[in-house]
1. Starting from the Cα gyration tensor of the chain, multiply each eigenvalue by 5, take the square root, and state the resulting semi-axes largest first in whole Å.
2. Before rounding to the nearest 500, sum -39500 (n - 2.57) across all DSSP H runs of length at least 4 in the chain and divide by the residue total; then give [θ] at 222 nm in deg cm²/dmol.
3. If one takes the longest principal axis of the Cα atoms in the chain, at what angle in degrees, from 0 to 90 and to the nearest 10, does the Cα axis of helix 61-86 lie?
4. Angle, helix 33-51 long axis vs. longest principal axis of the chain, Cα atoms, 0 to 90°, nearest 10?
5. What is the spin-label model distance, in nm, from residue 9 to residue 29 if the labels are put 7 Å beyond Cα along the C-beta direction?
6. Between residue 45 and residue 85, what is the spin-label point distance in nm, taking each point 7 Å from the Cα along the Cα→C-beta axis?
7. What angle, in degrees between 0 and 90 and rounded to the nearest 10, separates the Cα long axis of helix 11-29 from the longest principal axis of the Cα atoms of the chain?
8. So for each of 35-41, 49-55 I average, over its residues, the number of other beta carbons within 10 Å; can you give me the resulting order with the highest mean first?
């Protein structure tokens, strides 16, 4: 089965993407909410790198797609951290 990968032409995104995917995999494999939350905090730090990109251009489709994906990941990390507090 062929996997759909984001094709965003940006060196910052290409550098961060493998790191973010690795952290996401750790979150998915973790069984305990505490373990997931620790990885989610890591994820937040890595997505902040993309959200604070000095080269962001709101006219660029690549930048807008990166920002969309990154904001979704940040929201996911925030939800995981909040869920840990409820547990």
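Just so you know, all these numbers are worked out from the coordinates, no wet-lab data involved. The shown structure was predicted, so the numbers you read here are calculated from the model rather than taken from an experiment. So basically every Cβ, Gly included, is an ideal-geometry build from the backbone, and we count neighbours across all protein chains shown.
1. Numbers: eigenvalues 126, 43, 21 Å².
For the chain, the ellipsoid semi-axes come out as 25, 15, 10 Å.
2. Computed ellipticity for the chain at 222 nm equals -25500 deg cm²/dmol.
3. For helix 61-86, the angle is close to 10 degrees.
4. Computed tilt is about 20 degrees.
5. Reported label-point gap for residue 9 and residue 29 is 3.5 nm.
6. Each label point is offset 7 Å from its Cα along the Cβ direction, giving 2.0 nm.
7. 20
8. Details: 35-41: 19.0, 49-55: 13.3.
Result, highest mean Cβ count within 10 Å first: 35-41, 49-55.
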